[in-house]
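Student: Next up is a structure, given as structure tokens.
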Amino acid sequence: MATDDATGDEAFRASVRAFLKEHAPGRPPRGAAERLAFAKAWAATKFDHGFAGPSWPREHGGMDLPFPRQVIYNEEMARVRVPAHPGTGWDMVGPTVIKYGTPEQQAAYLRPTLRADIVWAQGFSEPDAGSDLPGLRTTARRDGDHYVVTGQKVWNTNADKADMLFVLVRTGTRESRQKGISYLLVDARAPGVTVRPIRDMTGREHFCEIFFDEVRVPVADRVGEENEGWRIARTTLGHERSAGALTQAAFYRRIVDELIALARERGAVADPGVRRRLADFDVRVRVMNVHAARTIASIIATGEPGPTSSVSRLYNSVFEQELHEFAVDLLGPFGLLGRGDPDTVQRGRWTTGWLATRASTIGAGTAEIHRNTIAEQVLGLPRDPAMPPR
């Protein structure tokens, strides 16, 4: 049986490679709008040829692959550097709607999401409710068969490119905290929705803030029951923290190889300290791959990533920060040069990566939140009394 499985896995790898050889889109264009269209076209190509959603059920357009073939799929996609799926639909709201959505919501949203006909953005964090998300203040007042939503969200990745938003709102009292939160699917172009990009230290506008001014949202677009959105949101957050774990592991396998090549190019590998750091990164990216496998196995077994998703997120965020710190140090004075400078190394990619990863230990839950989750829910340590009540 093992031989048969191995033969089948290699045949599957060959089929993915054949698909990529014929359809891989090549280098992306430069403009933001053009890159979005490029990524959407690639998502549609995968979907139309049966190569989208490796972990999604077939009934919703996915491939429903066994775990070993999900690994193969992600390895091959990372090898040819195809564009990522636009938005946070397939990896965050998609699994949530698969688990908690009504049949009508599943029919309306899942296949278009996987094909990138609908691009999604997250609407969770607020100016006064980031790490303390149960303290959110965006309200949703029931008015017949609609909710009327008013409030503000912030640090919303690529919300200016989204067609739909998945949003946490307060349907209970402010004192109800997580017991008064609901989960809504909101048209990003509905009257009263305003999205404003935020420029970060890399010079890019990756994040946005969102304002809701009396936005009417059908009750039919509530996922789960009213005031039970926190439990559903934890599923979404778990998937965010473990989403693309295999893809990220394969991606950083390539980045570490390119960092080693950079060290050779700069003549630095004769330094034993440099060799030791490179060996450390090589070991750690292998650990990343093993932990990704463990996280996906948990999802397959239970349908939930569980608290170990915090281990994955914390490990990966610290890893990518340290890797880019080392790369910039390796470049010496050239590490001070950013994109656009004529003397920059590799078009400033390592410096830009260093700037971008300063936020790694903040996004998808701060490092402090993840450490508390690991301490309490994985290691069984006493709860931190300084943290807000659940």
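Student: Just want the answer: with Cβ charges of +1 for Lys and Arg and -1 for Asp and Glu, which residue in Ala297, Ala32, Cys208 is farthest toward the dipole's positive end in the chain?
Tutor: The residue sitting most towards the positive pole is Ala32.
Student: Ok, one more. By DSSP, what percent of the beta bridges with both residues in the chain are antiparallel, rounded to the nearest 5?
Tutor: 85
Student: How much accessible surface does Phe334 have with a 1.4 Å probe, in Å² rounded to 10?
Tutor: 80
Student: Same structure again: Averaged per residue, what accessible surface does the chain expose to a 1.4 Å probe, in Å²? Write out the running numbers ahead of the final one.
Tutor: Details: 18790 Å² over 390 residues.
Accessible surface, normalised per residue, equals 48 Å².
Student: Taking only Cα atoms, what is the 0 to 90° angle, nearest 10, from helix 308-331's long axis to the longest principal axis of the chain?
Tutor: 40
Student: When a/c is below 1.5 the answer is rounded, else prolate if a/b is larger than b/c, else oblate, so apply that to the stretch 120-227 with a ≥ b ≥ c taken from the square roots of the Cα gyration tensor eigenvalues.
Tutor: It comes out oblate by the Cα gyration axes.
Student: Whenever you get a sec, compute what percent of the accessible area on the chain sits on carbon and sulfur atoms (1.4 Å probe).
Tutor: About 54 percent, which is the carbon plus sulfur part of the accessible surface.
Student: Number of Lys pairs in the chain with C-alpha atoms less than 24 angstrom apart, excluding same-chain neighbours closer than eight positions?
Tutor: Lysine pairs satisfying the spacing and distance rule in the chain number 8.
Student: How much mean residue ellipticity at 222 nm does the chain get from its helices, if each DSSP H run of length 4 or more adds -39500 (n - 2.57) and you divide by all residues, to the nearest 500 deg cm²/dmol? Working shown, then result.
Tutor: Working: 11 runs with 177 residues, N = 390.
Here the helix-only value at 222 nm equals -15000 deg cm²/dmol.
Student: For the chain, set up a GNM with springs between Cα atoms under 10 Å and report which of Leu331, Leu165, Leu184 has the largest fluctuation.
Tutor: Highest fluctuation among the options: Leu331.
Student: First obtain the Kirkwood hydrodynamic radius of the chain from its Cα pairs, then insert it into the Stokes-Einstein equation at 25 °C and 0.890 mPa s, and state the resulting D in µm² per second as a whole number.
Tutor: Numbers: Rh = 22.3 Å.
The diffusion coefficient I find is 110 µm²/s.
Student: How big is the dipole moment of the stretch 2-86 about its Cα centre under a simple scheme where the beta carbon of each Lys and Arg is +1, that of each Asp and Glu is -1, and everything else is neutral? Debye, nearest 20, please.
Tutor: The dipole of the stretch 2-86 has a size of about 580 debye.
Student: Something else: Check each of the trypsin sites (Lys or Arg not before Pro) in the stretch 199-232 and keep only those in coil by DSSP with at most 12 other C-beta atoms within 10 angstrom; list them in order.
Tutor: Those satisfying the criteria are Arg199.
Student: I need the shape label for the stretch 18-124. Rule: rounded when a/c is under 1.5, else prolate if a/b > b/c, else oblate, with a, b, c from the alpha carbon gyration tensor.
Tutor: Taking the square roots of the gyration eigenvalues as a ≥ b ≥ c, the stretch 18-124 is oblate.
Student: With r defined as the distance between the Cβ atoms of Asp200 and His49 and R0 fixed at 30 Å, what FRET efficiency is calculated, to the nearest 0.05?
Tutor: Efficiency, from the Cβ-Cβ distance: 0.25.
Student: Right, here's the next one. Going by alpha carbons, how many degrees (0 to 90, nearest 10) lie between the helix axis of 245-265 and the longest principal axis of the chain?
Tutor: Once rounded, the angle reads 30 degrees.
Student: Could you order the peptides 17-29, 149-161, 255-267 from most to least packed, using the average number of other C-beta atoms within 10 Å per residue? Let's see the in-between values first.
Tutor: Numbers: 17-29: 12.8, 149-161: 21.2, 255-267: 15.3.
Answer by packing, highest mean first, reads 149-161, 255-267, 17-29.
Student: Report, to the nearest 10°, how far helix 32-48 tilts away from the longest principal axis of the Cα atoms in the chain, using its own Cα long axis and a range of 0 to 90°.
Tutor: With rounding to tens, the tilt is 90 degrees.
The values are calculated or read from the model by the stated rules, or taken from the named source; none is laboratory data. In this text, all values refer to a predicted model and were calculated from it rather than measured experimentally. We place every Cβ from the backbone using ideal geometry, glycine too, and count neighbours over all the protein chains shown. Protein only, heavy atoms only, side chains kept; ligands, DNA and RNA dropped before computing areas. Shrake-Rupley method; radii C 1.70, N 1.55, O 1.52, S 1.80 Å.
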